[in-house]
1. Stretched out fully, how many nm does the piece from residue 671 to residue 140 gain, at 0.36 nm a residue minus the Cα gap?
2. Report in % the part of the accessible area of region 255-314 that belongs to carbon and sulfur, leaving out ligands and nucleic acids; probe 1.4 Å.
3. In sequence order, what are the phi-derived ³J(HN,Hα) couplings for region 327-332 according to the Karplus relation 6.51 cos²θ - 1.76 cosθ + 1.60 with θ = phi - 60°, rounded to whole Hz, with x for glycine and proline?
4. Where does helix 171-180 land angle-wise versus the long Cα axis of the chain, in degrees 0 to 90, nearest 10?
5. What FRET efficiency would be calculated for the residue pair residue 87, residue 67, taking the C-beta separation as r and a Förster radius of 35 Å, to the nearest 0.05?
6. Between region 553-602 and region 411-431, what's the alpha-carbon centroid distance in Å?
7. Please report the accessible area of residue 3 (heavy atoms, 1.4 Å probe, ligands and nucleic acids excluded) in Å², nearest 10.
8. Which of the three applies to region 506-655, rounded, prolate or oblate, going by the alpha-carbon gyration tensor with a ≥ b ≥ c and a/c under 1.5 meaning rounded?
Amino acid sequence: MEKKKFYITTPIYYPSDKLHIGHTYCTVATDAIARYKRLKGFDVMFLTGTDEHGQKIEEKAEEAGVTPQQFVDNIVTGERGVKDLWKLMNISNDRFIRTTDEYHVGAVQKIFKKMYDKGDIYKGAYAGKYCTPCESFWTESQLVDGKCPDCGRPVVDAQEEAYFFRLSKYADRVRDLLVNTDFLEPKSRVHEMVNNFIDPGLEDLCVSRTSFTWGVPVDFDPGHVVYVWVDALFNYTTALGLFNDKYDDYDEYWPADVHIVGKEIVRFHSIIWPAMLMSMDMPLPKKVFGHGWLLLDGGKMSKSKGNVVDPYLLSEKFGVDALRFFLMRTFPFGSDGNFSNELLIQTINTDLANTLGNLVSRTTAMVGKYFGGTLPAGSGATEDEKYLNDVYAQARESQSEVSLSFNFPEGDPVKYDVELITTALQMREKFEEQMESYAPHKALDEVFKLIDRANKYIDENAPWALAKDVEANGARLAHVLYNLLEATRLSGILLTPFMPESCGKLFDQIGAGEDVRTWDSAAQWGALHESTAVTKGENLFPRVDMEKALEELEQAEAAARKAVLPPIELEPQLTEQVDFDTFCKSDFRAVKVKACEAVKKSAKLLKFTLDDGTGTDRQILSGIHAWYEPEDLIGKTLVAIVNLPPRKMMGQESCGMLISAVHTEKGEEKLHLLMIDDAIPAGAKMC
Ligand code: MSP
């Protein structure tokens, strides 16, 4: 039977900077969904890539003194670049598109021409605002406090001849799509789009630029390049072969089943994208899912704030699977979540080390200790358990509820078996329901219900007590351990999309062959061969020492931050001019340090007694203790402005100010007192 197709995409990333944990979140989530679909037997096409054109890239390349192509090549294919990161994170994409790939460029030109020929793209003049970092056009009324409503950064005036796309023509159809179908999820995003963008009136969209050249040239009008979002959005179709010979599976996979995107680009995917596809008479994707952001201290991660979290650092420290798991387990996919290293370590320790890791290591250790690694024949599922299995299988088939009631005498251990097995037999369906609603965090909750139940089952059955009298309890002991192996196997199957490598090792340890790692077998209790060889291998999820790890991370993060900081940063020069007379009103004099001491109770202030040539000592307080010890300054000749009004600091008077040179080096503030030739007499005027 031919497999059902499933086409899933991530946004294609801007290679303007190295990717951070927020980008990783989006790609790991998409990967987990793609792997889940493959596990279910779908023929999956998973696309990711990079969006390499636009003004921001052109400007960054210029700053770096390289060509735009060299600039993006370095970030996409260079060491620790985008491709390296996805390889490290075990991302199973089937294809990787770069918008600078020739086949894509040619296809975008044809697409642009087609919309132009149809009359949906026309020439006009653009006058408005442009946010270069977001590559977004804005009207005056859309700005918030005069700044970009998406990122809050300043916008620039953009005025140029441009082509426009008749977005307004498609407003009603797009509105209908959003309001009356499940095209966009979560639903909260629909209200946002309709209220903020569609209902206030959709204006036609500027779709070409002439003020820079790094883009797909409009082939019928040299000088224009295609607006980067038009170029970028069509990647989802050119990567399948639309208008190019590089690929040939457009008919097989288009329309996409789902585009996974972050919330700030939902507008492009749910309004502009369907409108352009309508213009092209192409089928629309079935769904756009807008996930939330990973925040840091409640705010957005950004390179300019210097607070981006490095996925390389975290996966090197804790392992790729632990990081993947944490991202999916902790944050509800549709909402924002606050990232922190503490939370990451806590999740690793609680869920992976204590709960899952404990189940695996205790179970495999006991099979080794009590049975030499292989359970005896007859330890597998009992006839009653097989019956239970069939009841659930039939209920799934007929989509009906199972209603069974049991009445176990107090202390009957079969009660524990039945509770464990029924939890396990319901798990896959509940997991599936959550995965199908794009709620991977809730799907993982379902798996952990079984893992928790299995850990409780160990305590209820106390295998160590059974082992004291193997003659009498050997069969029960073996059955208990078999049940634990089964619970581990079933959980492992559903955890595989999240932690592919660790689950492979887990299966090896419990002796689960390929035939019992499948989706079908995740709903079959008793499928594990009872005489399988179990080995207690490496500890799959070691516990992390929170304090030590936090300290090490902090050091590593500080070092990484330093490495990317500019070596020297200077205060920008003032552009406002002062007239000469005003300047001459400031009286700068040479002063000699007669005495200097730290001000009590102040970490910063030094108190100077200075000879200023007047015959009367002058006292100045200066906040420079971080850079100088008082005794090192005695006898030095410095420069002070002497006609500032006196002011009190920490209860002491300061008459003037010492002049220093300041700059920032690798993020650290540096200060040097202006020291002049000792031959200059106290009181000499600077002019
Ligand atoms: N190039 C566009 C996408 C074009 S798709 C046709 C783009 N690129 S991006 O690199 O800026 O962002 C890629 C994705 O990463 C977006 O979905 C964005 O939401 C996501 N994230 C970036 N920072 C994020 C967080 N801090 N948290 C979660 N996702 C975030 O947009």
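1. Details: separation 531, 0.36 × 531 = 191.16 nm, distance 4.28 nm.
Taking residue 671 through residue 140 to full extension adds about 186.9 nm, to one decimal.
2. Working: 970 of 1730 Å².
Using a 1.4 Å probe with all protein chains present, region 255-314 comes out at 56 percent carbon and sulfur.
3. Karplus values, whole Hz, x for Gly and Pro: 4, 7, 7, 8, 10, x.
4. 50 degrees
5. Details: r = 26 Å, r/R0 = 0.73.
The calculated FRET efficiency here is 0.85.
6. Value for the Cα centre distance between the two parts: 68 Å.
7. Per-residue accessible area (residue 3): approximately 120 Å².
8. Details: a/c = 5.59, a/b = 3.42, b/c = 1.64.
It comes out prolate by the Cα gyration axes.
The values are calculated or read from the model by the stated rules, or taken from the named source; none is laboratory data. Please read these numbers as outputs of a predicted model, since none were measured by experiment. Note that we place each Cβ from the backbone using ideal geometry, even for glycine, and neighbour counts take in every protein chain shown. Accessible surface is based on the protein model in full, side chains and every heavy atom, while ligands, DNA and RNA are left aside. Shrake-Rupley method; radii C 1.70, N 1.55, O 1.52, S 1.80 Å.
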